[in-house]
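Asker: Below are the structure tokens for one structure; questions will follow.
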Number of protein chains: 2
Amino acid sequence: MDTHSNILKYKHLGIYTQNENVVYMREDCHVCISEGFEALTRIRISNANTSIVASLNVLNSDILLPNEIGLSDAAAKKLNVSPNDTLYVSHLEPIESLSHVRAKIYNKKLDYKAYNNIITDIVEGDYSNIHLSAFITACAGDRMDIDEISDLTKAMIASGKQLNWNKDIVVDKHCIGGLPGNRTTPLVVAIVAAYGLTMPKTSSRAITSPAGTADTMEVLTNVTLSSEEIKTVVEKEGGCFVWGGTAQLSPADDVLIKIEKALDIDSEGQLIASVLSKKAAAGSTHVVIDIPVGETAKVRSTEMAEKLKNHMETVGTAVGLNVKVVVTDGTQPVGRGIGPTLEAIDILKVLKNEEDAPKDLTERALLLATELLELSGKVEKGKGQETAHKILKSGKAYEKFVAICKAQGQFSKPVLAPYKIEIKAEKSGVLQRIDNRKIAKLAKLSGAPQSKSAGILLNVHLGEQIEENQLLYTIYAESKGELNYALEYENNHNDIITIN
Amino acid sequence: MDTHSNILKYKHLGIYTQNENVVYMREDCHVCISEGFEALTRIRISNANTSIVASLNVLNSDILLPNEIGLSDAAAKKLNVSPNDTLYVSHLEPIESLSHVRAKIYNKKLDYKAYNNIITDIVEGDYSNIHLSAFITACAGDRMDIDEISDLTKAMIASGKQLNWNKDIVVDKHCIGGLPGNRTTPLVVAIVAAYGLTMPKTSSRAITSPAGTADTMEVLTNVTLSSEEIKTVVEKEGGCFVWGGTAQLSPADDVLIKIEKALDIDSEGQLIASVLSKKAAAGSTHVVIDIPVGETAKVRSTEMAEKLKNHMETVGTAVGLNVKVVVTDGTQPVGRGIGPTLEAIDILKVLKNEEDAPKDLTERALLLATELLELSGKVEKGKGQETAHKILKSGKAYEKFVAICKAQGQFSKPVLAPYKIEIKAEKSGVLQRIDNRKIAKLAKLSGAPQSKSAGILLNVHLGEQIEENQLLYTIYAESKGELNYALEYENNHNDIITIN
């Protein structure tokens, strides 16, 4: 076999396929002909330094010359190639870990070694989206027992970087699914860091929601910091609120989560492994997890929440984390603002103890801070609430918040969007229901989170007596077009807020 | 919302992705920016006549201009577009049938309506490979009961064309998994058509094997016939052996089977639905199914085969087919030739009752013809064997075979490949084992089925006493390179044939 016949020249095509490695080759190139490659075949592509596995797409146009080869951006990045680089193409040896996936499809219990093999290959990029989807599906629907979830979690922790803060106690929090406006994280960080605990919080940007914590905090400070910069901030202030995107913690999770989104399923096992692996890899020791329950929240029943709580705490113990799960009310948004700037305004009002600070957000943040203080063992059980309350009311939380922002490079003031429209009640009655998903969608259509100051400012809560023409909420937008876009959605959906 | 902003101009990119609809748009095109499309998003693409759903790949190169849009070949074909055609892009309404897939993932039983919705959307191309993989996985591992398999089969039949031969009895046969060289189909067609039954046999080309029945018959006659031509042949001769690729019978199966191959799983439910839906859609009424059992066959144990037999016959009844399953020996190849031309030579030897006709192939064909004659009810139980034997030995089967070939346009003689090498035994002993998969791989490396006359001519059978240096098999190839390619594999694998 003449391996030299398998050499091709790289051409940049600039095709972004998300995580999936795709290789493009002409149907009449000598490699395709002699090797008999067909579309959807998985092949190995190598350069002098490394190699990847990619799915083949066959070209019958002049985008490529017969001796050229193209790669999806994900694949090109992994191979670190430049135009005209030489690449070698070869048949793929079987991916051994797929035998474990097949075993799981046939309801077999897998052990740590099997999960570790699977996760290692996923991080390598050896799985196509077809394989990833099969793995996720085979693990969904209660097909993993608690040992398996623990083993999967451990495998995911081991698959990426693991941070070490050289502290006995490192605290963290997480909210499952999230609720619009529920921006407790910066408040909790400020309170517990002011107390003296270490809370190096990395947050995500919005994927499908109108704001992630990183988007919101970016209104007030820099959130894109290097590992070194983060370390400096945390050493100085005991806490941070930064974007976690560059940290490469539990990288398998980043791949799996995209496939789960495409399938629109939440496998309990994958969810637990996803959350806890990120926390453990980030070097946390004590974690409070908030599960909001509500008809339009991610977790829809108390029964599901209690089961999840139980499993999460058990798996936490198995992977060496102290996990406390708090089941909270998820029937409506928390705070008034939905969208980065509007949420940042809420946060500042709470920290500054202003008269019109949203009470629900304050209470939720105090609850989580209380749990975290007590879970850490540094504050006696039963004393957490008083401690947290005192830190917030005394202004120490605000001081700490500003100090962290400054350590991250700046402390900026939020500025409202130039365009707005007020949505008023069409009739009187009691506010029966707020659809979390639809109000989030409305905020997104107004431009959030790309347009930072776009979003929704809520004026009402569940159970309130509403008068006809009373202001329900205000839509903010940075352009007239976006405002109209949101308004059209509002006009077409009369069940965003239900009054009866 | 200005829908005109969603208009783009089609450019041919010629990217072949197999079944999957992919749309290519520039990251800086106005539609991507205003709609917020991200890679892996599924979007709807329409022209004046029709619309499809496609997965978005985002481009950051000059393959496209900002106002241009590209499509994978599958998508372009479905939309029937030409360069510079105008296409409209819009957000995708949720695909309702995915809720059934999610229900199946969570172990719910689905009914006919649910399977019908799923299969309809799959045929429309609305499912991405991620969705298809989840559906297949959720149905695998005994997660479908017999009612569900029946409902899936019915849904698959309804999803495509259904042929009608205007005959009370239309017979067919199928072999699960296939064995190298096991080319009984043309023999069975010749025998039962000579008897007077109608057997309009459509066959596949090889996908992963060294020859499909269509590849083998193409050595001897034309196999690519239009529906009208097939009808004429069958009306005249009672049978045919044509390629079924253009028939659009059970089109969902063509999509699902590619994903199953990528996963390398055989879900029992999908397998039954796949086989029986094709047969029912082809207008068959009586079907004999051959399940070869062997360590290196598709079905590896008699227990599995018996379960499959049972389910297959039950589902057959449920969808109105008379199904008889025959469990056969799958421990070694059948016949001497492996590869189109070499198999065609075997077939002619059997039909002409030549001295050196492979006995195992003759017996296997007679067994299946016997079962089919008796299943049809036209031949009394117990008399089938005698009838089939008489038709073959009298030369009537050969006459019918030649007549069908001529009706299909020609009857050609097979010609052996110019290059060959003989593989001899390195030691004496009893032939213990032949690896079906490895011998098939060897035939493929020699060039089969693209090189029609390439392949393997087997000289030995299981259980025979072999002397050192005795000829085991001959490798045929159409080029020296291919011969060497096969030889290299042979050198590296000493377990293709095991002598002890």
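The values are calculated or read from the model by the stated rules, or taken from the named source; none is laboratory data. If you're wondering where the values come from, they're calculated on a predicted model, not measured in any experiment. Cβ sites come from the backbone with ideal geometry, for glycine too, and all protein chains shown count toward neighbours. SASA here: full protein model, heavy atoms, side chains in, ligands and nucleic acids out. Shrake-Rupley method; radii C 1.70, N 1.55, O 1.52, S 1.80 Å.
Asker: Where only protein heavy atoms count, and the probe is 1.4 Å, what is the accessible area per residue for the range A:243-373 in Å²?
Answerer: Result: 33 Å² per residue.
Asker: Shifting gears a bit: What net charge do the residues around B:Trp165 carry, taking every other residue with its C-beta under 14 Å from that of B:Trp165, with Lys and Arg at +1 and Asp and Glu at -1?
Answerer: +1
Asker: Got the A:Leu92 label distances to the other copies yet, label 7 Å along Cα→Cβ, in nm, shortest first?
Answerer: Ordered by increasing distance: 2.2 nm.
Asker: Taking 26 Å as the cut-off for C-alpha to C-alpha distance, list the pairs among A:Lys307/A:Lys381; A:Lys77/B:Lys261; A:Lys201/A:Lys349; A:Lys307/A:Lys349 that go past it.
Answerer: Details: A:Lys307/A:Lys381 24 Å; A:Lys77/B:Lys261 28 Å; A:Lys201/A:Lys349 21 Å; A:Lys307/A:Lys349 36 Å.
Beyond 26 Å between Cα atoms: A:Lys77/B:Lys261; A:Lys307/A:Lys349.
Asker: For label points placed 7 Å from Cα toward Cβ, what is the shortest-first list of nm distances from B:Leu462 to its copies?
Answerer: Between copies, matching label points for B:Leu462 lie 6.6 nm apart.
Asker: Relative contact order of chain A: what whole-number percent is it, with Cα pairs under 8 angstrom and at least 6 residues apart?
Answerer: That works out to 14 percent.
Asker: I've got another one for you. Which loop-located trypsin sites (Lys or Arg not before Pro) does the range B:70-110 contain, where loop means any DSSP state but H, G, I, E or B and the Cβ has at most 15 other Cβ atoms within 10 Å?
Answerer: B:Lys108, B:Lys109
Asker: What total accessible surface area, summed over both chains, is buried at the interface between chains B and A, computed with a 1.4 Å probe and given in Å² to the nearest 100?
Answerer: Details: alone 22290 and 22230 Å², together 40510 Å².
When B and A are taken together, about 4000 Å² of accessible area is lost.
Asker: For the range B:419-499, what D do you get in µm² per second when you plug the Kirkwood radius from alpha-carbon pairs into Stokes-Einstein at 4 °C and 1.567 mPa s?
Answerer: 103
Asker: How high is the FRET efficiency from B:Glu229 to B:Asp111, r the C-beta distance, R0 41 Å, rounded to 0.05? Let's see the in-between values first.
Answerer: On the way: r = 40 Å, r/R0 = 0.97.
After rounding, the FRET efficiency stands at 0.55.
Asker: At a 1.4 Å probe, which residues in the range A:124-142 are at least 50 Å² less accessible with all protein chains present than in their chain isolated?
Answerer: Those are A:Ile130, A:Thr137, A:Gly141, which lose 50 Å² or more relative to the chain on its own.
Asker: Now for a separate question. Take the alpha carbon atoms of chain A, find their radius of gyration, then divide it by 2.2 N^0.38 Å using N residues; give the quotient.
Answerer: Dividing the Cα radius of gyration by 2.2 N^0.38 Å gives 1.07.
Asker: What whole-number value in Å² describes the accessible area per residue of the range A:1-133 for a 1.4 Å probe?
Answerer: Computed with neighbouring chains in place, this is 42 Å² per residue.
Asker: How far, in degrees from 0 to 90, does helix A:146-158 lean away from the longest principal axis of the Cα atoms of chain A, to the nearest 10?
Answerer: In chain A, helix A:146-158 runs at an angle near 70 degrees to the longest axis.
Asker: Under 8 Å for C-alpha pairs, at least 6 residues apart: give me the relative contact order for the range B:118-203, rounded to a whole percent.
Answerer: Values: 27 pairs, mean separation 24.2, N = 86.
Rounded, it is 28 percent for the range B:118-203.
Asker: Give me the percent of the accessible area of the protein assembly as shown that comes from carbon and sulfur atoms, probe 1.4 Å, all protein chains in place. Could the numbers behind the result be given before it?
Answerer: On the way: 19190 of 40510 Å².
Its accessible area is 47 percent carbon and sulfur atoms.
Asker: Report B:Ser267's accessible area, 1.4 Å probe, all protein chains in place, as a number in Å² to the nearest 10.
Answerer: The value for B:Ser267 is about 0 Å².
Asker: Each residue of the range B:177-193 in turn: what ³J(HN,Hα) in whole Hz from Karplus with 6.51, -1.76, 1.60 and θ = phi - 60°, glycine and Pro shown as x?
Answerer: Each residue's phi maps through the Karplus curve to give x, x, 10, x, x, 6, 8, 6, 3, x, 5, 5, 4, 4, 5, 6, 6 Hz.
Asker: What are the principal axis extents of the Cα atoms in the protein assembly as shown, in Å, biggest first?
Answerer: Computed over the protein assembly as shown, the largest-to-smallest principal extents equal 105, 62, 52 Å.
Asker: For the range B:3-91, list log₁₀ I(q)/I(0) at each q in 0.11, 0.13, 0.20, 0.23 Å⁻¹, using the Debye formula over Cα point scatterers of equal strength and ignoring solvent, two decimals each.
Answerer: -0.23, -0.33, -0.84, -1.16
Asker: Okay, moving on. Ranked from the most accessible area to the least, with a 1.4 Å probe and all protein chains present, what is the order of B:Glu426, A:Glu148?
Answerer: The ordering from most to least exposed comes out as B:Glu426, A:Glu148.
Asker: Next question. Mind scanning B:Lys352/B:Lys406; B:Lys113/B:Lys279; A:Lys167/A:Lys444; B:Lys109/B:Lys258 and naming the pairs with a C-alpha gap bigger than 28 Å?
Answerer: Values: B:Lys352/B:Lys406 17 Å; B:Lys113/B:Lys279 21 Å; A:Lys167/A:Lys444 39 Å; B:Lys109/B:Lys258 25 Å.
Correct reply: A:Lys167/A:Lys444.
Asker: Another one. At B:Asn80, label 7 Å along Cα→Cβ: distances to the other copies, nm, ascending?
Answerer: 5.1
Asker: While we're looking at this one, here's another question. Probe of 1.4 angstrom, ligands and nucleic acids ignored: what's the accessible area per residue over the range B:401-487, in square angstrom?
Answerer: On a per-residue basis, 47 Å².
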